[in-house]
1. Considering Ile152, Ile105, Ile118, Ile131, which residue is among the hydrophobic types (A, V, I, L, M, F, W, C) and at pLDDT below 80?
2. Residue by residue through the range 1-52, note down the ones that are in a loop (DSSP other than H, G, I, E, B), touching a strand residue (DSSP E or B) at 6+ places or on another chain (Cβ under 8 Å) and farther than 30 Å from Arg86 by Cβ.
3. Inside the range 138-172, can you point out the residues that are among the small types (Gly, Ala, Ser) and more than 21 Å from Asp128 (Cα to Cα)?
4. Pairs only if they're at least six apart or on different chains, beta carbon under 7 angstrom, first in the range 66-94 and modelled with pLDDT of 95 or more, second of a type in the set (Lys, Arg) and assigned to a helix (DSSP H, G or I); list them, first residue then second.
5. Please verify whether the range 64-71 includes one or more residues that are assigned to a loop (DSSP other than H, G, I, E, B), in contact with a Lys or Arg (Cβ under 9 Å, 6 or more places away or on another chain) and of a type in the set (Gly, Ala, Ser).
6. Scan (1) of a type in the set (Val, Ile, Thr); (2) outside the structural domain of Lys53 (by TED's automatic domain parsing); (3) over 17 Å from Ile17 (Cα atoms) for the single condition Thr74 breaks and write down its number.
Amino acid sequence: MNTPLNLVVISDGAKAIRLRLGEIFAGPVTLILDWYHLSKKLRELMSMIARNKTERSTHLRELFRQLWHGQVQTALEYLQTQVQPRHAQKWAELMGYLEKHRCEIIDYDRRKQIGKTIGSGRMERGVDQVIGHRQKKKGTSWRPKGSKALAILKILELNDRWQQTWFPAQVQ
């Protein structure tokens, strides 16, 4: 294959991430909404939408089943026809969230079955271990510029590029 594959980004869906990806990468970027964040948002909003715990459980079970298979339209129809919201504003927020991320909600079941990741947890944990650990020490404070510099240096080290970057004449 001579052409590069699209970059695939699994994220929490934050607008700032989308904008930043557009600034950094010139080519197409495929966005996938992280399953953890999707399910967290669904639980959070359904707890305010459902009229009682039984309804909440029933609705969550059905919505999780549909969204796990990427069936956003079916989930939206379910919300419109089967859910009698306790808080209409939260119901509208959930509808808007699913609409907004419609193209980023995939068949998570299929992706998982073929051995691909469906969450950003591994990356978030890596960032926390590599960058966050050092920055969270007692008595330290960091500016964005310093954080970015630290991240770049740590990435060089982890990718065994330290010597090549700082001492190119010595690398053979």
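1. The unique qualifying residue is Ile131.
2. Asn6, Phe25, Gly27, Pro28
3. Ala169
4. Qualifying pairs under 7 Å: Val72/Arg102.
5. Scanning the range 64-71 turns up at least one residue that is assigned to a loop (DSSP other than H, G, I, E, B), in contact with a Lys or Arg (Cβ under 9 Å, 6 or more places away or on another chain) and of a type in the set (Gly, Ala, Ser).
6. Exception for Thr74: condition (2).
The values are calculated or read from the model by the stated rules, or taken from the named source; none is laboratory data. Just so you know, these numbers come straight off a predicted model, no measurement behind them. Every residue, glycine among them, receives a Cβ derived from its backbone with ideal geometry; neighbour counts consider all protein chains shown.
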